[in-house]
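Student: Structure in structure tokens, see below.
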Amino acid sequence: MNWRAVKAIYIFEMTRTFRTLLQSIVSPVISTSLYFVVFGTAIGSRINAIDGVDYGAFIVPGLIMLTLLTQSIANASFGIYFPKFSGTIYEVLSAPVSYLEVVLSYVGAAATKSIMIGLIILATASMFVSLRIDHPVFMLLFLVLTAVTFSLFGFIIGIWADGFEKLQLIPLLVVTPLTFLGGSFYSIDMLPPFWQTVSLFNPVVYLVSGFRWSFFSTADVGVGVSLAMTLAFLTACLAIVAWIFRTGYRLKT
């Protein structure tokens, strides 16, 4: 393992984040704070507690997961797409760096940024509502697994995209709607039976449910099922990335 190469790419990606601190860190935190103000305070005060949890606190795991998914995809997709756009990707491919090291550095940097934002939002949420974390180890596990999984997914999108418009196509038209319909702001138990069944086909439900369980010990689906679904999606993303580098899909053309 060429750790020097991994470190070089990782530091370069992290430095780019700190050069655009306002866009990379401050903007997501402000946006999430507005959600707390609108949903947690203005609307939440009119909604009864869900499973014994105040609504303002109930939506915190969903908001963190919403930000984590979007930021992981955005950071990873742009991180690998821009070298393709500028042509510097060929310098990386021709360097004595393995495909594993390339993925580890780019995905590691994207996941690190997302985890940082997630923890900052968690600290910000504690200023608005009273929070408790019943299972801190599982909370960190879901946080890291989700960040890595969707950073890999964003990495795939960045390689697949052949224009800046396509970078936003899947996040805006697929991921964001699935997140909003995945129980981020409500429990799927509140839905009619038919829509509860439909919601179980939404993979984001399992991410939000497992993450919320780590906070309040309440979940829409079993935590074991949530963890298994997360690991299954992670495995699928790893398989696709391996295929991309084995075939050179949209990397060598």
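The values are calculated or read from the model by the stated rules, or taken from the named source; none is laboratory data. Given the structure is predicted, the values throughout are model-derived calculations rather than measurements. When we count neighbours, we look across all protein chains shown, and the Cβ atoms used for this are built from the backbone with ideal geometry, even at glycine.
Student: Taking into account only those residues within the range 99-150 that are among the charged types (D, E, K, R) and farther than 29 Å from Y81 by Cβ, which is surrounded by the most Cβ atoms within 10 Å (Cβ to Cβ)?
Tutor: Within the range 99-150, the subset among the charged types (D, E, K, R) is 101, 113, 132, 134.
From what is left, the residues that are farther than 29 Å from Y81 by Cβ are 132, 134.
Values: R132: 9, D134: 12.
Top of the filtered list is D134.
Student: Turning to a different aspect of this structure: Within the group S187, S214, S199, which residue is touching a strand residue (DSSP E or B) at 6+ places or on another chain (Cβ under 6 Å) and either under 28 Å from V60 (Cα atoms) or of a type in the set (V, I, T) (or both)? Step through it out loud before you land on a result.
Tutor: Working: S214 fails: touching a strand residue (DSSP E or B) at 6+ places or on another chain (Cβ under 6 Å); S199 fails: touching a strand residue (DSSP E or B) at 6+ places or on another chain (Cβ under 6 Å).
Just one listed residue meets the conditions, S187.
Student: In addition: Would you tally the residues in the range 111-132 being out of contact with any Leu (no Cβ under 9 Å at 6 or more places or on another chain) and not aromatic (F, W, Y)?
Tutor: Of all residues in the range 111-132, those out of contact with any Leu (no Cβ under 9 Å at 6 or more places or on another chain) come to 112-113, 116, 120, 123-124, 126-130, 132.
Filter once more, so that each one left must be not aromatic (F, W, Y): 112-113, 116, 120, 123-124, 126-127, 129-130, 132.
Selection size over the range 111-132: 11.
Student: Same structure, new question: Within the range 100-125, can you find the residues that are of a type outside the set (A, V, I, L, M) and modelled with pLDDT of 85 or more?
Tutor: Initially, the range 100-125 is screened for residues of a type outside the set (A, V, I, L, M), giving 101, 105-106, 108, 112-114, 118, 124.
Within the range 100-125, E101, S105, Y106, G108, T112, K113, S114, G118 meet the criteria.
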